[in-house]
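This report concerns only the one structure given below.
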Amino acid sequence: MSELDKEIEELKDNHVIEKLKLLQYIDDNTDEDIEPAVECFVKEDMMKTWKSIANNAQDKSMDTLVKILWETMCRGAGFEFEVEKSDNGIQIKCSYCPYVDLAKKAGSLKMGYRVYCASDDYIVAGFNDKIGFKRTKTLMEGHDCCDHFYYLK
């Protein structure tokens, strides 16, 4: 990786950290509950983004969603995970998420969850509303892994 590439990666990380710090600051310094507004923003943003991705994808299958999201985007960003396909769906067991490290640096796992983990439902719905999504654990919440499960409704 070149020095320029390293600088760009550091800028991207700092952008994430600053965004989470800002949200946490607002949350800490207002009497209003900002979580509904954050969720609404994340929902609208992810639905729009993933509808656009789906419109440009070869197909809107579960395999394509996992390929784009996990194999291309997440693996490229440093996530560590295993994929297990079955007749019932696709199970992802994520053992490392770089967003957890960034949320810790920002001092806000709570906002990290709200901005990143809570977007997963909307990613799936935006891509294809016939695909279902379940998750019972997240690294952001202190569990040993994130257990994403994709299935056909």
Qualifying residues in the stretch 84-97 (those that are surrounded by fewer than 15 Cβ atoms within 10 Å (Cβ to Cβ) and of a type outside the set (Gly, Ala, Ser)) - the one farthest from Tyr150 (Cα to Cα): Tyr96
query: Which one of these does Gln58 not meet: (1) surrounded by 17 or more Cβ atoms within 10 Å (Cβ to Cβ); (2) without any contact (Cβ under 8 Å) to a residue 24 or more places away in the chain; (3) not in a helix (DSSP H, G or I)?
result: (1)
query: What are the pairs, 6+ residues apart or on separate chains, where a residue within the stretch 78-89 that is without any contact (Cβ under 8 Å) to a residue 24 or more places away in the chain and of a type in the set (Asp, Glu) has its Cβ under 6 Å from a residue that is outside any loop (DSSP other than H, G, I, E, B) and surrounded by 13 or more Cβ atoms within 10 Å (Cβ to Cβ)?
result: Glu80/Tyr96; Glu82/Lys93; Glu84/Gln91
message: When you check Cys117 against the structure, is it without any contact (Cβ under 8 Å) to a residue 60 or more places away in the chain, touching a strand residue (DSSP E or B) at 6+ places or on another chain (Cβ under 8 Å) and buried (at least 20 other Cβ atoms within 10 Å of the Cβ), yes or no?
response: yes
- prompt: Is there any pair with a first residue in the stretch 6-31 that is surrounded by fewer than 16 Cβ atoms within 10 Å (Cβ to Cβ) and a second that is modelled with pLDDT under 90 whose Cβ atoms are under 9 Å apart and which are 6 or more apart or on different chains, and what are they?
  reply: Glu9/Met1
field: Subset of the stretch 44-67 (residues that are within 11 Å of Ile131 (Cα to Cα) and acidic (Asp, Glu))
entry: Asp63
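The values are calculated or read from the model by the stated rules, or taken from the named source; none is laboratory data. Just so we're clear, the structure is a prediction, and the values are computed from it rather than from any experiment. Every residue, glycine as well, gets a Cβ built from its backbone with ideal geometry; the counts of neighbours run over all protein chains shown.
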